[in-house]
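Structure record follows, encoded as structure tokens.
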Amino acid sequence: MTQNDITPLILAGGKGTRLRSVLPDYPKILVEVAGRPFITYLLDQLVESGFRKVILCTGYKAKTVEKKLGDKYKSMDISYSSEEKPLGTAGAVRKAMGLVRSELILVLNGDSYLDFKLSDFINRYLGDKIDFAIVLTEAEDTSRFGRVDIDENSKVKSFNEKGVSGKGHINAGIYLLKSDFMNTIPAGGFVSFEKDIFPGLADKSGIAAYPVASDFIDIGTPESFHSAETFFKRMGKNS
């Protein structure tokens, strides 16, 4: 199996409700950071990793997203799976499975970015018999994100709710999983990876953890949004 046997999907349906005080009523993935839509940083990451197609799981103002991005970004073809009602993170991916023809899928949250080599994560698990692998990164304070505990075998032990303070691992919003696994989830209902899928898999030691020590940003709050421009300019990724 090679990277060509993987389909990337980006969760791109968020409303950006918490950003209303600083931004207009606009899809969160399209808000401009350092002069360009936030999602283009994720798309560049996929292009740089050799992907030639991506599926965007849209929801809120889906037509606005499609009009802005079109069906191609640089060398990568874009397809869309639009939900008519909120389906949750896993539900949105489940709906998109009709467009997937690969054995593995790569899922990225559309409102966060981790500065690391995506291909290193993928190559680590190509050929491994894993159902689910998740990228973790370190945070000085996990209280806003929720803490993820792992064991000595790099398996997830538990996911803890937001509010647990102190340094630790957090979910970076990047997953590699089997298409067959997603197809076991009932279609059409609201299903969350974070609340409905992860706890049960962790109890069964069914999630491989890939921890990295890299810069991470999300744009979920006005504070984090305001810091995003500095984040990307510091890495020289704002052009």
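Just so it is clear, none of the values below were taken in a lab; they were calculated from the coordinates. Please read all numbers here as calculations on a predicted model, not as lab measurements. Here the Cβ positions follow ideal geometry from the backbone for every residue, glycine too, while neighbour counts run over all protein chains shown.
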Exactly one of Asp215, Asp180 is over 29 Å from Val31 (Cα atoms), charged (D, E, K, R) and within 20 Å of the chain's Cα centre (by Cα), and that residue is Asp180
It is to be established whether one or more residues within region 97-113 are touching a residue at least 12 places away in the same chain (Cβ under 8 Å) and touching a Cys at 6+ places or on another chain (Cβ under 6 Å).
no
Determine whether region 172-181 contains at least one residue that is over 24 Å from Phe116 (Cβ atoms) and touching a Ser or Thr at 6+ places or on another chain (Cβ under 6 Å).
no
Please pick out the residue among Lys129, Lys162, Lys72 that is in contact with a Phe, Trp or Tyr (Cβ under 8 Å, 6 or more places away or on another chain), of a type in the set (D, E, K, R) and free of Cβ contacts under 8 Å to residues at least 40 places away in the same chain.
Lys162
Looking at Phe181, Phe190, Phe159, which one is within 16 Å of Leu106 (Cα to Cα) and among the aromatic types (Phe, Trp, Tyr)?
Phe181
Mind checking which pairs have a first residue in region 46-59 that is closer than 11 Å to Thr7 by Cβ and a second that is in a helix (DSSP H, G or I), Cβ under 6 Å, 6 or more apart or different chains?
Val54/Leu46; Ile55/Ala96; Ile55/Leu99
Meets criteria (part of a strand (DSSP E or B) and buried (at least 16 other Cβ atoms within 10 Å of the Cβ)) for Leu46:
no
